[in-house]
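This report refers to the structure that appears directly beneath it.
The values are calculated or read from the model by the stated rules, or taken from the named source; none is laboratory data. Computed from a predicted structure; not experimentally measured. Methodologically, a virtual Cβ is constructed for each residue, glycine included, from the backbone with ideal geometry; neighbour enumeration extends over all protein chains shown. To get the accessible areas, we keep the full protein, side chains included, count just its heavy atoms, and leave off ligands, DNA and RNA. Shrake-Rupley method; radii C 1.70, N 1.55, O 1.52, S 1.80 Å.
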Amino acid sequence: MIFKDILVKAAEIIGDSDIDFNAPEEKTEKLISCGKMIYTELTEEYVHLKHKEMLPVNDGRIYYSEFTKAVKDVMKIKKDGVICPFTLYPLFVAVEEEGDVEVSYVYHAEEPALEEELDLPPIFTSSVLSVGVASEYFYRSGLIDEAVFYKNRYDNSLLNLTRKRGYVKLRYRRFI
């Protein structure tokens, strides 16, 4: 999903479908800022964005600056399919192996541009995010009742989408 699509749907919810994203106006800037805030909140608190890549180990260290994305947490390091022990430090990851290793990690999302594709799992739709953006827009505009209404809808949607679902075992009746 593209960031601008979310903003267009949010503009329809707030009743300003005539917003021009090519002209920098106060309404447009506020809506874009709300969209970035909702996206950042979602990726930091509800969704763990994961990435896997091959990185070289030099002197038992992999510096965070060598990763292609901003590291939030390292989950696993493998060398030739075998999991390697590692220790996290403020500037680097210490690994007992040398050479290239496969690192699986969780990362921080970058602030999106208007025409940029968002890094989100497919369970999150533009409709859900647009409700969150509209709630933030109403809040910043001082329309508290509308903000609370749409915030409740957004929070309920997030709760339903992020809930862990277990398997259900249905018992059957035996007829003799």
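List of remarks:
- Between residue 110 and residue 66, the modelled label-to-label distance comes to 2.1 nm, taking each label 7 Å out from Cα in the direction of the beta carbon.
- 0 to 90° range, to nearest 10: angle between helix 144-162 axis and the chain longest Cα axis: 40
- Inter-label distance, nm, simple model (7 Å from Cα along the C-beta direction), residue 155/residue 50: 2.9
- All lysines inside 19 Å of residue 50 as judged from Cα atoms, apart from same-chain residues fewer than 8 positions distant: 69, 72, 76, 78, 79, 164
- Gyration tensor (Cα) of region 137-176, equivalent ellipsoid semi-axes in angstrom: 44, 11, 4
- Region 4-42-region 83-102 distance, computed between alpha-carbon centres (Å): 41
- Here the dipole of the chain is about 1660 debye; that uses its Cα centre as origin and unit charges on the Cβ of Lys and Arg (positive) and Asp and Glu (negative).
- Rounded to the nearest 10 degrees, the angle from helix 126-141 to the longest Cα principal axis of the chain is 60 degrees.
- C-alpha center-to-center spacing [region 132-166, region 59-78] in angstrom: 34
- Across the chain, the longest piece that holds none of the GluC sites (Glu not before Pro) lying in DSSP loops with up to 14 other C-beta atoms within 10 Å covers 26-95.
- Degrees separating the helix 26-45 axis from the principal Cα axis of the chain, which is the longest one: 40
- Using just its DSSP H runs of length 4 or more, each adding -39500 (n - 2.57), the chain gives a mean residue ellipticity at 222 nm of -12500 deg cm²/dmol after division by all residues.
- Accessible solvent surface per residue of the chain, calculated while the other protein chains remain in place, 1.4 angstrom probe, Å²: 65
- Listed candidates [x] 21.7, 75; [y] 27.2, 110; [z] 16.0, 53 - label of the one calculated as Rg and Dmax of the Cα atoms in Å: [x]
- Loop-located chymotrypsin sites (Phe, Trp or Tyr not before Pro) in region 83-176, at most 15 other Cβ atoms within 10 Å (DSSP): 167, 172, 175
- Comparing 78, 69, 36 in a Gaussian network model of the chain where C-alpha atoms under 10 Å apart are linked, the largest mean-square fluctuation is found at 78.
- Whole-percent carbon and sulfur share, accessible surface of the chain, 1.4 Å: 51
- Given charges at Cβ of Lys, Arg, Asp, Glu: region 61-121 dipole, positive-most of 88, 108, 74: 88
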